[in-house]
1. Hey, if you put +1 on the Cβ of every Lys and Arg and -1 on every Asp and Glu Cβ in the chain, which of 391, 42, 255 ends up farthest toward the positive end of that dipole?
2. Among 217, 343, 81, whose Cα sits farthest toward the positive end of the charge dipole of the chain (+1 at Cβ of Lys/Arg, -1 at Cβ of Asp/Glu, about the Cα centre)?
3. Please work out the C-alpha center-to-center distance from region 133-162 to region 320-392 and express it in whole Å.
4. Lone cysteines in the chain, defined as no other cysteine's Cβ under 4.7 Å from theirs: which are they?
5. With an 8 Å cut-off on Cα pairs and a minimum separation of 6 or more residues, tell me the relative contact order of region 2-382 in percent.
6. Among 44, 149, 334, which one shows the highest mean-square fluctuation when the chain is modelled as a Gaussian network with alpha-carbon springs under 10 Å?
7. Where a ≥ b ≥ c are the square roots of the eigenvalues of the C-alpha gyration tensor, would you call region 89-148 rounded, which needs a/c under 1.5, or, failing that, prolate if a/b is larger than b/c, or oblate?
8. Which one, 52, 143, 122, projects farthest toward the positive side of the charge dipole computed for region 27-147 from Cβ point charges (K/R +1, D/E -1)?
Amino acid sequence: MKWAMTARVFIVLAAAMLAAAGMAQVKGPSLVTDLSSPLPGMPPVLDPHDIYSADRPGLLSLVVRDFPSRIYVPNSESNTVDVIDPATYKIIEHFAVGRQPQHVTPSYDLKTLWVLNDLGDSVTKIDPATGKKGETLHVLDPYNMYNTPDGKYSIVVAEAQRKLDFVNPQTMTLEHALSVPCRGVDHMDFSADGRYLIASCEFSGSLLKVDVARQAVIGELKLPHVTTKPSAKDMEHMPPSIPHGFGAPQDVKLSPDGKVFYVADMTANGVYEIDGDAFTILGFIPTGDGTHGLYTSRDSKYLYISNRGEGSVSVLDFATRRVVARWEIPGGSPDMGGVSADGKVLWLSGRYNSEVYAIDTTSGKLLARIKVGNQPHGLCVYPQPGRYSLGHTGIFR
């Protein structure tokens, strides 16, 4: 098969890149993090073999069970939010927010959605019980936001400030500003025991490891140089600060068994496999141009990978760590989003097409293309199953 042959060539090239960069190549990941000593205050993992075991269809928390099902879309260049009814594919609410909203993020306690107005230096509340806009609070440079696994802090990813700001999750008041040694810090995920996180640095081509309890950087990992160029679409919008030949890591997602962090790289056009405990590169899997967002299926079997530059979604099998399917979105630019509560639909923003995509997760069929505002980005599907939110557009455990 042509795709399989291409994948094999890319894997060989990736291995050579790793060797040239002097990175340790490991046949398999180290032992899963010891779950007997989790971050104090973190809810215990229900199944040590599957950190997403609380995210099954129907496992809606009592907090969210009566919330209406909605798709919340931040339109970065329109400074608005569109609210879509997934049953009809129609926009039923539309309201203005601060300048350049980037993501819609669920709070740790699941009660609030936050619109992150990056250039407006503010966050706007949405009440998911009604889908209505609430108050706006001042927060400096909120490009993205996550929640520590113990619920003590929200982490405002202040990308332009080169900081991770640990804030009060209710009032958004600053508790501790952690300066980071890289440019473009933007996405992250937490280890199975909650004791550390791995964050991507888009403009430095590197990853950071941060001790959650100490709120301190404990490692930086440079990704290999790449010979490929971003897609024409991405080149139009990428800042000139990204040096030629550097990787541009994006979304980060931990495997269900807690052993591998998958990191999407927009210029390498695939995902790196990272051993978080040892903080080394295990391998590289090519997926498509402009690899960007990562989302786990409700049965924890697959990772949905959006390839923004070419308009496709790759489906990776967690068990084999291989791409097993590829879904096309002709002329599209799939970016960030989430999976429906029942697991049947993958929702993604169409970043450069002013649209949102609804994709059947069984067949890969494109169910709908919904016109929204300009440059939709980190849309949030809500509610979703899970006991608590780790942030971004919805990471639940």
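1. Of the options given, the answer is 255.
2. Going by the Cα projections, it comes out as 343.
3. Answer, in whole Å: 23.
4. Singleton cysteines: 380.
5. After rounding, I find 14 percent.
6. Per the Cα network of the chain with a 10 Å cutoff, 44 tops the list.
7. Cα axes put region 89-148 in the oblate bin.
8. Comparing the listed Cα positions along the dipole, 52 ranks first.
Every number in this text was worked out from the coordinates using simple rules, so none of it is lab data. These numbers were taken from a predicted model, which means no experiment stands behind them. Every residue, glycine among them, receives a Cβ derived from its backbone with ideal geometry; neighbour counts consider all protein chains shown.
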